[in-house]
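Colleague: Below is a structure I'd like to ask you about.
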Amino acid sequence: TNPGFVVRITQAGLDYANQQGIAILEKELAQLRLPDISGDSRVLRVGKVHYSFSRLRLRDFHLPYSRITPISNVGLQVSISNAFAELDGDWRVKFLVVRDHGSFNLKLENVYIKISLRLGSDTAGKPTISTSDCRASISNVRVLFSGKFGWLYNLFHNTIESRLRKILEGKVCDNVVKSVENELHTYVRTLPVTARINDKIGIDYSLVAPPRATSQSLDTDLKGEFYSLAHRSTVPFSPLPLAFHSDHDRMVYFGASSYFFNTASIAYHKAGALVFEITEAMIPKDAGFSLDTSVFSAFIPQLEEMYPNMPMKFRLSAPTAPFLTIGPGGISFQPIVDAQAYAILPDASLAPLFLLSLVRNVSAVINVRSGHIVGSLDVGRIRLSLKNSAVGTFQVRTMQSLMNILASSTLLPRLNARLDEGFPLPLLERIQLSNIIVKFHQNFLLLGADVHFQPR
């Protein structure tokens, strides 16, 4: 299934995500809990020595150098190098009739960690992430003992350091797996796979395939489909393949296809949301006319006889869902609108007068604000035709200017007010966008942005 919406995280975005993730992992590793260890060792000229280490406390764990790399068709690889840590603890020793205790300090240097992350999606279309492999190696372990018999430990420090190295390497990877599951996996699942626009319309942002790593980015294909909350039906057309090419100077790019916008048109049409009424109260005072039969009788003389000096109203509706096209020049469409005119009788009932067909060239300006796609419409001159009339025939071109003013001063502001509220982008929690760019390509709109993560 081709996606209707694509999210691309570039290397710059992955580097930023890595920076945030490493900061979390560093805090997790600094809270490592290490078990007490004990054992026996034979020391030359001393004999069997029993030792124990307890109350091992990590002071800190620093991960100064890390790199995240997308591996094509595999996932993500995080490489951490030159990490270092320090811990304290207590020791006890017993040999022959001698017993002693003291404290020790342990330094870990040149710690290398390699983490492979597997990317997927669940049955609900939410992303998943897990650790497919973790390897930790510690090149340098140095233990410094204090106490009366601290020199004794120095005789078999290789044994102690080897045991501590093995324990720590295992504990580091255990902690990485736990951190990925508890922190990273939980966080990526905050991606909203459905977004409710209002009480009638929603957007389906579920994944149609697992996230895909390429040599330069991480791409996620989403359904990108608007739907009616009351009755969801199959869209009568499929998304076209997206020739998704983007620059790499922003952290994230969103590709919204014409399918995405045209399903919005269908959903709003089916929900009855593309119906507007224009009454006298909505006419701006500076428009220079009132919405009544005395004004329109200048174009339709018989109105004066049939419905003299009566208020009017128009009911505007789209007989079919308007379809738009996206190209390098922008977004454009040519909606057809039926305008049914009524006279409002003294008893408040409506008398149908005439039905006009309005055709207008429309272009759209798109931007992103507060994580929402927002827009405004710019319209050309209306072309009128008469579909039927209850007041006889008349020349519709004579009221061309009046209908232009009527639509521009009342309908257009209402549409633009709705578009200014915007439609939410599929964003993880606590993500803010900046440095936004908007570009148009054949069959899709490309939005680029940098990302700022707001910690709790």
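The values are calculated or read from the model by the stated rules, or taken from the named source; none is laboratory data. Everything quoted here is computed from the prediction, not taken from an experiment. Reconstructed Cβ throughout: ideal geometry from the backbone, glycine too, with neighbour counts over all protein chains shown. Ligands, DNA and RNA are excluded from the accessible area calculation, which covers all protein heavy atoms including side chains. Shrake-Rupley method; radii C 1.70, N 1.55, O 1.52, S 1.80 Å.
Colleague: Which residue pairs have Cβ atoms closer than 9 Å, lie 6 or more positions apart in sequence or on different chains, and pair a first residue in segment 255-281 that is closer than 13 Å to Phe5 by Cα with a second residue that is among the basic types (Lys, Arg)?
Modeller: Every condition considered, the pairs that remain are Gly255/Arg8.
Colleague: Please go through segment 230-276 and pick out each residue that is under 19 Å from Gly422 (Cα atoms) and under 21 Å from the mean Cα position of the chain (by Cα).
Modeller: Result: Tyr253, Phe254, Gly255, Ala256, Ser257, Ser258, Tyr259, Phe260, Phe261, Asn262, Thr263, Ala264.
Colleague: Can you tell me which residue is surrounded by the fewest Cβ atoms within 10 Å (Cβ to Cβ) among those in segment 412-446 that are acidic (Asp, Glu) and in contact with a strand residue (DSSP E or B) (Cβ under 9 Å, 6 or more places away or on another chain)?
Modeller: Glu421
Colleague: Starting from segment 69-80, take each residue that is in contact (Cβ under 8 Å) with a residue 12 or more places away in the chain and list its partners that are in a loop (DSSP other than H, G, I, E, B) and open to solvent by 30 Å² or more (accessible area, probe 1.4 Å), counting only C-beta distances under 6 angstrom and pairs at least six apart or across chains.
Modeller: Qualifying pairs under 6 Å: Ser72/Thr214; Ser72/Ser215.
Colleague: Still on this structure: Condition check: surrounded by 14 or more Cβ atoms within 10 Å (Cβ to Cβ) and either acidic (Asp, Glu) or touching a strand residue (DSSP E or B) at 6+ places or on another chain (Cβ under 9 Å) (or both). Does Gly202 satisfy that? Even if it seems obvious, please write down each step before you answer.
Modeller: Numbers: surrounded by 14 or more Cβ atoms within 10 Å (Cβ to Cβ): yes; either acidic (Asp, Glu) or touching a strand residue (DSSP E or B) at 6+ places or on another chain (Cβ under 9 Å) (or both): yes.
Here the answer is yes, as Gly202 does meet what is asked.
Colleague: Can I ask one more? Can we say Tyr259 is buried (at least 22 other Cβ atoms within 10 Å of the Cβ) and modelled with pLDDT of 95 or more? So that I can check it myself, show each step before the final result.
Modeller: Details: buried (at least 22 other Cβ atoms within 10 Å of the Cβ): yes; modelled with pLDDT of 95 or more: yes.
Taking the combined requirement at face value, the residue satisfies it.
Colleague: Looking at segment 274-301 only, could you name the residues that are among the aromatic types (Phe, Trp, Tyr) and under 17 Å from Ala339 (Cα atoms)?
Modeller: Looking only at segment 274-301, we keep the residues that are among the aromatic types (Phe, Trp, Tyr), and these are 276, 289, 296, 299.
Hits for segment 274-301 are Phe276, Phe296, Phe299.
Colleague: Can I ask one more? Taking the criterion of being out of contact with any Lys or Arg (no Cβ under 7 Å at 6 or more places or on another chain), assigned by the TED database to the domain that holds Gln19, of a type in the set (D, E, K, R) and on the phi < 0 side of the Ramachandran plot, would at least one residue in segment 63-73 satisfy it?
Modeller: Scanning segment 63-73, I find at least one residue that is out of contact with any Lys or Arg (no Cβ under 7 Å at 6 or more places or on another chain), assigned by the TED database to the domain that holds Gln19, of a type in the set (D, E, K, R) and on the phi < 0 side of the Ramachandran plot, so the answer is yes.
Colleague: Given Lys94, Lys114, which one is within 24 Å of Ala23 (Cβ to Cβ), part of a strand (DSSP E or B) and among the basic types (Lys, Arg)?
Modeller: Criteria check complete, one pass: Lys114.
Colleague: Are any residues in segment 212-251 open to solvent by 60 Å² or more (accessible area, probe 1.4 Å), under 17 Å from Val193 (Cβ atoms) and in contact with a Ser or Thr (Cβ under 7 Å, 6 or more places away or on another chain), and if so, which ones?
Modeller: Scanning segment 212-251 gives a single hit, Lys223.
Colleague: Which members of segment 171-184 meet the condition of being open to solvent by 30 Å² or more (accessible area, probe 1.4 Å) and either without any contact (Cβ under 8 Å) to a residue 60 or more places away in the chain or closer than 21 Å to Asn110 by Cα (or both)? Show your work before the answer.
Modeller: Residues of segment 171-184 open to solvent by 30 Å² or more (accessible area, probe 1.4 Å): 171, 174, 177-178, 181-184.
If the condition is that a residue be open to solvent by 30 Å² or more (accessible area, probe 1.4 Å) and either without any contact (Cβ under 8 Å) to a residue 60 or more places away in the chain or closer than 21 Å to Asn110 by Cα (or both), then Lys171, Asp174, Val177, Glu181, Asn182 are the ones that fit.
Colleague: Only residues in segment 238-253 that are in the same structural domain as Ala449 (by the TED database) count as the first member; pair them with residues that are of a type in the set (Lys, Arg) and open to solvent by less than 40 Å² (accessible area, probe 1.4 Å), Cβ under 9 angstrom, at least 6 apart or cross-chain, and list the lot.
Modeller: Phe244/Arg8; Ser246/Arg8; Val252/Arg8; Tyr253/Arg8
Colleague: Sort out which residues of segment 329-386 are aromatic (Phe, Trp, Tyr) and within 28 Å of Ser294 (Cβ to Cβ), and write them in order of number.
Modeller: Correct list: Tyr342, Phe354.
Colleague: Here's a follow-up. Would you call Lys270 open to solvent by 70 Å² or more (accessible area, probe 1.4 Å), in the same structural domain as Lys439 (by the TED database), modelled with pLDDT of 90 or more and out of contact with any Gly (no Cβ under 8 Å at 6 or more places or on another chain)?
Modeller: Yes; evaluated as a whole, the condition is true for this residue.
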